[in-house]
Amino acid sequence: MRHIIWSVLCSTCCASFFTQAHTYHVRSSLTAEIYTESQPFEAFLDDWDKPYEPGDSAFTHNRFEFGVGWNEHEIGTISRYDYTLDFDSDTALFTHTEKNNRPFEDRDYRYRLRARNSTSHGMYYRYRYTIMDGLTLTPTLQLLGSKHYQDGNVDGTINNQNRTGQLNVDYFFSWDILFKALPIQQRPTGRGYAIDLLGEWWIDSSWKVSLHLKDLIHRVKFKSSPFAQGQTAKSTVRETETGGIETFPTITLFTHLNGNEKDHTLKLPMRYDAGVEYVHSKSLRGQFFTLGYEKDVFFRGLGYWKFWQEFELMFGYQTKSKTLHIGIEHPVIYLRYMTDDFDTGNSFHTGLSLGWKIAW
């Protein structure tokens with residue numbers, strides 16, 4: 001399948017190269033974004049020492065690209081780190097109570113985690129196809145390799161007062177960060193692909209609509225992956241023959257130990273940006289976006305002011321996380337920053353985007 005894909009790409013590139021006048025460019029970009037609920041992201045990643053706030057999701061998406069292009073084609077290298085976490089708000093409360101040594105309520109806490117993360121590197125190919133004047137479609141194919149990933153689903157209850165609980169576990173990984181007790185002989189190697197799709201339509205000289213589907217399809221297959229599947233109980237209690245009680249753990253887990261590794265395919269959820277742009281004049285324009293990250297939806301408004309030659313200042317605001325957006329842009333270079341608090345110790349949502357492009 002991989003040979004077929006590259007054959008089609010090479011045929012398309014060669015046909016374009018020999019039949020069109022050429023424009024060329026070289027570019028690089030870096031985007032990094034982190035969002036957490038229940039705790040600011042620094043505390044979320046460390047000791048959970050900030051005041052508890054209800055929440056049930058977190059994500060990080062970092063991507064670096066370096067590519068060269070001619071006409072509508074671009075090919076280059078890509079490195080990316082993706083992390084998504086879906087959890088029950090009761091799980092966040094349990095974690096905050098435990099890490100801060102506070103008393104637990106005498107009840108069953110819902111403990112649910114759905115976590116996926118991976119570090120991957122590879123190549124990408126992007127082609128900008130003009131359907132008609134003003135309407136373009138740009139697919140991006142990424143061929144990815146990875147040796148670092150987690151794909152876990154934990155669901156159950158825990159009662160910390162009487163030390164009981166039961167968890168259902170479905171967990172594949174390249175290193176064990178959940179139990180911190182399952183050794184591996186060799187990290188699995190993953191091979192796969194991801195597809196992004198961008199559509200843009202200039203309705204007239206003032207209005208543009210766009211839709212960007214990120215990880216429309218994402219599949220990375222890991223061969224001979226470590227895993228743990230089954231049930232584990234924090235403890236159970238029973239009465240002894242002498243009238244006392246004893247507690248003991250109950251674990252029914254099937255794991256990769258003793259050469260029982262399994263193949264596993266990691267699938268990351270799709271994200272989308274749907275936008276509208278209005279050009280008011282040569283010096284003023286505005287954009288409005290709806291952004292979807294699995295279960296979280298944000299609304300973002302941006303304004304651009306061309307203050308000198310081709311330089312633009314950007315200001316904006318985003319709902320839900322209440323982030324401020326600032327930036328400066330030029331056809332050759334750009335820098336954008338977003339945050340809900342310039343003190344990173346109190347920030348729940350922060351992002352940085354920068355890049356450059358030289359065309360001739």
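The values are calculated or read from the model by the stated rules, or taken from the named source; none is laboratory data. Everything numeric here is computed off the predicted structure, so don't read it as measured data. All Cβ positions, even for glycine, are placed from backbone atoms using ideal geometry, and neighbour counts span all protein chains on display.
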Query raised in the report: Considering only residues of region 184-208 that are surrounded by 14 or more Cβ atoms within 10 Å (Cβ to Cβ) and aliphatic (A, V, I, L, M), which is farthest from K262 (Cα to Cα)?
Result: L198
Query raised in the report: Name the pairs: first residue in region 57-73 and at negative phi, second residue of a type in the set (G, A, S) and not in a strand (DSSP E or B), Cβ to Cβ under 8 Å, at least 6 apart or on different chains?
Result: W70/S16; E72/S16; H73/S16
Query raised in the report: Is one or more of the residues making up region 137-159 modelled with pLDDT under 95 and exposed (fewer than 15 other Cβ atoms within 10 Å of the Cβ)?
Result: no
Query raised in the report: For residues in region 81-111 being in contact with a Gly (Cβ under 9 Å, 6 or more places away or on another chain), of a type outside the set (G, A, S) and touching a residue at least 40 places away in the same chain (Cβ under 8 Å), which is nearest to L45 (Cα to Cα)?
Result: Y111
Requested in this report: Check D106, D176 and return the single one that is exposed (fewer than 13 other Cβ atoms within 10 Å of the Cβ) and modelled with pLDDT under 95.
Outcome: D106
**Report entry** Subset of region 68-95 that is outside any helix (DSSP H, G or I) and among the aromatic types (F, W, Y) - its residue that is surrounded by the most Cβ atoms within 10 Å (Cβ to Cβ)
**Finding:** F87
Requested in this report: Tell me which residues, restricted to region 323-334, are within 23 Å of E42 (Cα to Cα) and without any contact (Cβ under 8 Å) to a residue 24 or more places away in the chain.
Outcome: L324, I326
**Report entry** Criterion (at pLDDT 95 or above and under 25 Å from F342 (Cβ atoms)) met by exactly one of I34, I75
**Finding:** I34
Query raised in the report: Can we say R126 is in contact (Cβ under 8 Å) with a residue 60 or more places away in the chain, among the basic types (K, R) and in a strand (DSSP E or B)?
Result: no
Query raised in the report: Looking only at residues in region 109-134 that are among the aliphatic types (A, V, I, L, M) and surrounded by 14 or more Cβ atoms within 10 Å (Cβ to Cβ), which one is farthest from E53 (Cα to Cα)?
Result: M123
Requested in this report: Give, as residue ranges, the strands (runs of 3 or more DSSP E) completely inside region 214-307 that count at least 1 residues that are surrounded by 12 or more Cβ atoms within 10 Å (Cβ to Cβ) and at pLDDT below 95.
Outcome: 227-239, 245-255, 262-266, 284-293
Query raised in the report: Is there a residue in region 155-174 that is under 18 Å from Q229 (Cβ atoms), outside any strand (DSSP E or B) and either in contact (Cβ under 8 Å) with a residue 24 or more places away in the chain or touching an Asp or Glu at 6+ places or on another chain (Cβ under 9 Å) (or both)?
Result: yes
